[in-house]
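Below is one structure, written out as structure tokens, with a few remarks after it.
The values are calculated or read from the model by the stated rules, or taken from the named source; none is laboratory data. Because the structure is a prediction, the values reported are computed rather than measured. Note that we place each Cβ from the backbone using ideal geometry, even for glycine, and neighbour counts take in every protein chain shown.
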Amino acid sequence: MDILKDKTILLGITGGISAYKAPDIASKLRQLGANVDVVMTESAAKIITPRTLQSITNRQVHTDMWQPVENFRAGHISLAESADVIVIAPATANTIAKLACGMADNLLCSTVLATRTPVIMSPAMNDNMLNNPVTQKNISKLKDRGFVIIEPGYGHLLSGKIGQGRLPETAEIIDIIRLVLSRGGDLKGKRFVVTAGGTREAIDPVRFIGNRSSGKMGFAIAQAARDRGAEVTLISTVECYPAAGIRMIAVESAGEMKKAVEEAVVAADALIMAAAVADYQVEQVSGNKIKKADGVLSLKLIKTPDILSEVKGSFIKVGFAAESENLVENAITKLKEKGLHLIAANDITAKDSGFGSDNNRVTIIDRNERAEVLPLMSKREVADRILDRIKEII
Ligand code: CTP
């Protein structure tokens with residue numbers, strides 16, 4: 001289940017020009033199943049209308065300390081208590097300064113002062129204002145008080161200059177919200193190493209032997225584990241924007257992946273090898289680009305190291321088995337040969353799942369050869385089911 005589902009997010013909007021992006025944040029959060037309460041400062045309401053936010057969130061938008069409240073509790077207290085997380089986006093230099101001094105002269109500042117809920121702040125302003133030592137000092141004061149600060153983006157600013165101070169993309173802000181919400185998750189404190197993508201075995205400086213793995217399954221596992229509070233190292237051959245809080249290590253070949261896995265598993269609770277590791281590599285990688293010539297080109301291939309079999313330790317080992325026939329039988333053989341705790345077997349001939357798809361249909365098999373046949377589901381759901389099984393073992 002998405003970590004944002006049924007969570008209450010208090011979105012504080014202050015009067016920076018990038019407030020025009022705040023409705024998008026509210027809208028995406030709603031689409032992901034969160035309830036969004038909005039508190040706007042007076043200046044924010046000059047840039048975007050409360051009505052826009054009201055329509056998007058389907059809730060009353062709060063702008064005024066003195067507006068009548070439906071219940072007997074003071075508005076700022078009940079807002080502060082009902083939120084799972086407070087996000088101030090954009091946060092202007094003025095609001096940052098007020099919060100750093102503990103001022104409470106508007107609804108947003110009083111709410112933040114009254115809360116014990118985690119606060120995320122996304123400063124966005126002109127680069128000179130941002131780099132002013134006063135602003136920097138205020139930001140670091142708030143950081144010391146436990147605020148999560150989202151680094152302002154770099155790019156075109158209102159002044160026409162290129163610099164730092166932009167409100168980051170909605171996806172980035174939502175990712176940080178997920179990270180903060182994940183802190184109390186059921187895998188809190190556990191360390192996971194996850195591999196993703198197909199390895200590339202070099203032929204020469206230009207060419208490689210690769211495979212069709214997209215890395216989506218590995219990413220889904222890494223993200224799900226992160227969302228459930230785990231510390232995650234993702235070792236990947238595929239470039240992607242890693243979710244906040246995930247340590248990402250980029251590798252190419254099976255040999256590089258093995259080295260990275262060996263280093264990462266030292267303190268790990270579980271290793272999940274979702275990567276499609278090549279079984280063979282070229283014996284003699286050419287230092288120069290191989291030229292076209294008459295006749296046949298032969299490449300001598302030698303075995304790559306089998307990472308899952310060779311990496312040793314007391315952590316839980318989980319593998320994937322990509323099979324085109326005798327799914328369960330072949331997967332059980334791999335589970336035994338590689339000394340695994342669990343193996344997720346998938347039929348790569350199925351049209352609706354597997355390589356490149358957002359969905360997968362796997363059978364999870366344990367050491368007792370018990371096979372849990374899962375129906376077609378999103379890779380994220382498969383990830384959660386695998387993590388549930390790992391949790392049982394942990
Ligand atoms: N694996 C590995 N190192 C390799 C090959 C595979 O660690 N050199 C891991 C994969 O990441 C996966 C599991 O072993 O979790 C099974 O991979 P798979 O390709 O299905 O099996 P192989 O052992 O390569 O056997 P085959 O290709 O012959 O089916």
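Observations
- Within segment 257-278, restricting attention to residues that are part of a helix (DSSP H, G or I), away from the ligand (no atom under 12 Å from the Cβ) and not aliphatic (A, V, I, L, M), the residue that is surrounded by the fewest Cβ atoms within 10 Å (Cβ to Cβ) is Glu263.
- Scope segment 21-69; condition under 20 Å from Ala93 (Cα atoms) and loosely packed, with under 14 Cβ neighbours inside 10 Å; matching residues: Glu42, Lys46
- The residue that is nearest to Lys190 (Cα to Cα), among those in segment 302-322 that are at pLDDT 95 or above and exposed (fewer than 14 other Cβ atoms within 10 Å of the Cβ), is Glu310.
- The number of residues in segment 332-362 being touching a helix residue (DSSP H, G or I) at 6+ places or on another chain (Cβ under 8 Å), over 16 Å from Ala275 (Cα atoms) and part of a loop (DSSP other than H, G, I, E, B) comes to 2.
- Subset of segment 89-105 [within 19 Å of Ile17 (Cβ to Cβ) and outside any helix (DSSP H, G or I)]: Ala89, Pro90, Ala91, Thr92
- Per this entry, Glu252 is not counted among residues that are surrounded by fewer than 15 Cβ atoms within 10 Å (Cβ to Cβ) and among the acidic types (Asp, Glu).
- Test: residue in segment 118-138 that is over 17 Å from Val87 (Cα atoms), surrounded by fewer than 16 Cβ atoms within 10 Å (Cβ to Cβ) and under 28 Å from the mean Cα position of the chain (by Cα): yes
- Filter result for the condition that a residue is more than 30 Å from the chain's Cα centre (by Cα), modelled with pLDDT under 95 and within 12 Å of the ligand (Cβ to nearest atom), over Asn346, Asn326: Asn326
- Among the candidates Gly160, Gly146, Gly165, the residue that is at positive phi and surrounded by 21 or more Cβ atoms within 10 Å (Cβ to Cβ) is uniquely Gly165.
- Only one entry in Arg226, Arg200 is surrounded by fewer than 21 Cβ atoms within 10 Å (Cβ to Cβ) and either touching a residue at least 12 places away in the same chain (Cβ under 8 Å) or not assigned by TED's automatic domain parsing to the domain that holds Arg380 (or both), namely Arg200.
- Residue within segment 279-299 that is near the ligand (Cβ under 9 Å from one of its atoms), over 22 Å from Val232 (Cβ atoms) and of a type in the set (A, V, I, L, M) present: no
- Criterion applied to Lys312, Lys338, Lys317 was being near the ligand (Cβ under 8 Å from one of its atoms), charged (D, E, K, R) and within 29 Å of Arg385 (Cβ to Cβ), and the one residue passing it is Lys338.
- A search for C-beta distances below 8 Å between a residue of segment 1-21 that is assigned to a loop (DSSP other than H, G, I, E, B) and any residue that is acidic (Asp, Glu), counting only pairs 6+ apart in sequence or on different chains, returns Met1/Asp384; Ile3/Asp227; Lys7/Asp84; Gly15/Glu42.
- Some residue of segment 53-73 being assigned to a strand (DSSP E or B) and at pLDDT 95 or above: no
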